[in-house]
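The values are calculated or read from the model by the stated rules, or taken from the named source; none is laboratory data. Every value quoted in this text rests on a predicted model; they were computed, and no experiment measured them. As a convention, Cβ positions derive from the backbone with ideal geometry for all residues, glycine included, and neighbour counts pool all protein chains shown. Keep in mind that these areas ignore ligands, DNA and RNA; they rest on the heavy atoms of the full protein, side chains included. Shrake-Rupley method; radii C 1.70, N 1.55, O 1.52, S 1.80 Å.
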Amino acid sequence: MDRVCVIGAGSSGIAACQVLSARGIEYDCYETGSEIGGNWRYLNDNGMSSAYRSLHINTSRQMMEFKSFPMSSSLPAYPSHFQIAEYFDDFVKHHGFRDRIRFRTEVVSVSVASGGYSVTTRDRDTGATATVSYRSVIVASGHHWSPRLPEPAFPGSFSGEELHAHFYKTPERFADKKVLVLGIGNSACDIAVESSRVSSRTFLAMRRGAHIMPKYLFGMPTDHLTTSPLARFAPAWLQALSLRAMLRLARGKLSAYGLPEPSHGILAAHPTVSDDLLTRLGHGDITVKPNITRLDGSSVVFSDGSREDVDVIVYCTGYKVDFPFLDASSFPAVSSQDNEVSLYRRVVDPAHPGLYFLGLIQPLGAIMPLAEAQAEWIADLLSGRGVLPPVPEMKAEITSYRESLRSRYVKSKRHTLEVDFLGYLRELDEERRAGAARR
């Protein structure tokens, strides 16, 4: 009962392990796959990685690196998933806790027990199960692995191939086919660009426009703007105005490329980062379409009344926040069908002391440094260096956070976990100081 359970050895799970190890807090970490890295381990045998063969990060390495183990300066500004997985391997080796991770061990259930939690695991090789009691559980299993298809489903039926972006790996399967990609997020843009190089025709359909950001602005990685003096000290409206002006200078109007102009503010939706999409649109290699209204055999009908025959539809429609090892009726704070979670500071379930969620955020920036900061706060709580506020105060903060999301972001299941990189780091730092003062 003195030990802590860490679920998952992806980027957030290994951040937790490093901090717990450094603080001398005993723990067990369970990983379904054979290696660390989670989503960044291409063809991960845990079956949950959404990485495709050509994937590169869309936040620069300086923004993505762990504070406790900076990335090598020899890496490019935007490393590939192979390089990121190697970096995670080096991180674990450097901190020396690989032997604390139980690989090929799936957590099948977590339930409340006297003074803590009962965790049941299954050995994927033998099928043997075991149940162990822990005083606390840190859930670090990620939120980009359970595909969400269009809801509700489009009327009609389609006779061709349909797949979610989660299952896309390489473009060869699209050779000489007519491909429709639905979405305008990062995966949708990458898949449409790759498909357009081998397909007979590629369509990119979307419900609404999006602000397309390049990976570089004025010779520097674009996400460096999120830690610039402007981001640190300027109000949100001025940040948005400045970024919009810089993008207009760098790439002009999106409508010039055939894309719909976004109806929302530039910081009112998670950014789409692509250097290649606008070029492929300018070459005529991708055709933009509005949203699908119905499926009709081998044809797709769009909201403007147009119809196209296609062979493959790729749904880049996001992911569910899903924790199959947590019973929904027992843990309603993280069981919403709309991807809404009710966690204090995006980490703590007020109804379940000792249950923490790590990396369950969608930042304007990289998750890894934020997960590292979350882990430090959790370690404060586990070691007694920090104390949580009363439950009513935690619930009030959750309500305030949800109201801020509704007032700022486009209403969608994609924008229920958003945080600002610098703002959230400050929030965690302030919470750690307040927690220490509550002791």
- Just wondering, is there one or more residues in the range 417-438 that are more than 30 Å from Ser114 (Cα to Cα), free of Cβ contacts under 8 Å to residues at least 24 places away in the same chain and within 20 Å of the chain's Cα centre (by Cα)? yes
- Exactly one of Glu31, Glu65 is under 22 Å from Gln362 (Cβ atoms) and among the acidic types (Asp, Glu), and that residue is Glu65
- Identify the residue in the range 2-16 that is within 16 Å of Gly354 (Cα to Cα) and not small (Gly, Ala, Ser) and, among all such residues, is surrounded by the most Cβ atoms within 10 Å (Cβ to Cβ). Val6
- Kindly indicate whether any position in the range 364-374 is of a type in the set (D, E, K, R) and surrounded by 21 or more Cβ atoms within 10 Å (Cβ to Cβ). yes
- Just need a number here: residues in the range 381-396 that are part of a helix (DSSP H, G or I) and buried (at least 17 other Cβ atoms within 10 Å of the Cβ). 3
- Note on the structure: When the range 216-261 is checked residue by residue, the ones that are at pLDDT 80 or above, outside any helix (DSSP H, G or I) and within 21 Å of Val419 (Cβ to Cβ) are Pro221
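Quick check on my filter: what residues within the range 160-186 are among the small types (Gly, Ala, Ser) and either in contact (Cβ under 8 Å) with a residue 40 or more places away in the chain or touching a helix residue (DSSP H, G or I) at 6+ places or on another chain (Cβ under 8 Å) (or both)? If you could, list the steps in order and put the result at the bottom.
So the first thing to find is which residues in the range 160-186 are among the small types (Gly, Ala, Ser), and the list is 160, 165, 175, 183, 185.
Residues satisfying the conditions are Gly160, Ala165, Gly183, Gly185.
Does Asn58 qualify as being open to solvent by 10 Å² or more (accessible area, probe 1.4 Å), free of Cβ contacts under 8 Å to residues at least 40 places away in the same chain, part of a loop (DSSP other than H, G, I, E, B) and not hydrophobic (A, V, I, L, M, F, W, C)? Steps first, please.
On the way: open to solvent by 10 Å² or more (accessible area, probe 1.4 Å): yes; free of Cβ contacts under 8 Å to residues at least 40 places away in the same chain: no; part of a loop (DSSP other than H, G, I, E, B): yes; not hydrophobic (A, V, I, L, M, F, W, C): yes.
Against the criterion (open to solvent by 10 Å² or more (accessible area, probe 1.4 Å), free of Cβ contacts under 8 Å to residues at least 40 places away in the same chain, part of a loop (DSSP other than H, G, I, E, B) and not hydrophobic (A, V, I, L, M, F, W, C)), Asn58 does not qualify.
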- Item | Residue, farthest from His270 (Cα to Cα), within the range 400-439, restricted to residues that are among the hydroxyl-bearing types (Ser, Thr, Tyr) and open to solvent by less than 70 Å² (accessible area, probe 1.4 Å) | Ser400
- Item | Set Ala130, Ala77, Ala113: member being without any contact (Cβ under 8 Å) to a residue 12 or more places away in the chain, of a type in the set (Gly, Ala, Ser), touching a strand residue (DSSP E or B) at 6+ places or on another chain (Cβ under 8 Å) and over 21 Å from Gln374 (Cβ atoms) | Ala130
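Do we have Arg173 as among the basic types (Lys, Arg), closer than 22 Å to Glu31 by Cβ and open to solvent by 60 Å² or more (accessible area, probe 1.4 Å) here?
Working: among the basic types (Lys, Arg): yes; closer than 22 Å to Glu31 by Cβ: no; open to solvent by 60 Å² or more (accessible area, probe 1.4 Å): yes.
For Arg173, the condition - among the basic types (Lys, Arg), closer than 22 Å to Glu31 by Cβ and open to solvent by 60 Å² or more (accessible area, probe 1.4 Å) - is not met.
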- Residues Ser141, Ser133, Ser146: which one is under 30 Å from His352 (Cβ atoms), surrounded by fewer than 19 Cβ atoms within 10 Å (Cβ to Cβ) and under 26 Å from the mean Cα position of the chain (by Cα)? Ser146
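Conditions tested, residue by residue: (1) open to solvent by less than 40 Å² (accessible area, probe 1.4 Å); (2) over 29 Å from the mean Cα position of the chain (by Cα).
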{"position": "Glu261", "(1), (2)": "no, no"}
{"position": "Thr279", "(1), (2)": "no, no"}
{"position": "His283", "(1), (2)": "no, yes"}
{"position": "Lys289", "(1), (2)": "yes, no"}
{"position": "Ile292", "(1), (2)": "yes, no"}
{"position": "Leu295", "(1), (2)": "yes, yes"}
{"position": "Val300", "(1), (2)": "yes, yes"}
{"position": "Val310", "(1), (2)": "yes, yes"}
{"position": "Ile313", "(1), (2)": "yes, no"}
- All but one of (1) within 17 Å of the chain's Cα centre (by Cα); (2) within 25 Å of Ile191 (Cβ to Cβ); (3) open to solvent by less than 60 Å² (accessible area, probe 1.4 Å) hold for Gly33, so report the exception by its number. (1)
- Task: Mind listing whichever residues of the range 145-179 are of a type in the set (A, V, I, L, M) and either touching a Gly at 6+ places or on another chain (Cβ under 9 Å) or not in a loop (DSSP other than H, G, I, E, B) (or both)?
- Result: Leu163, Ala165, Val179
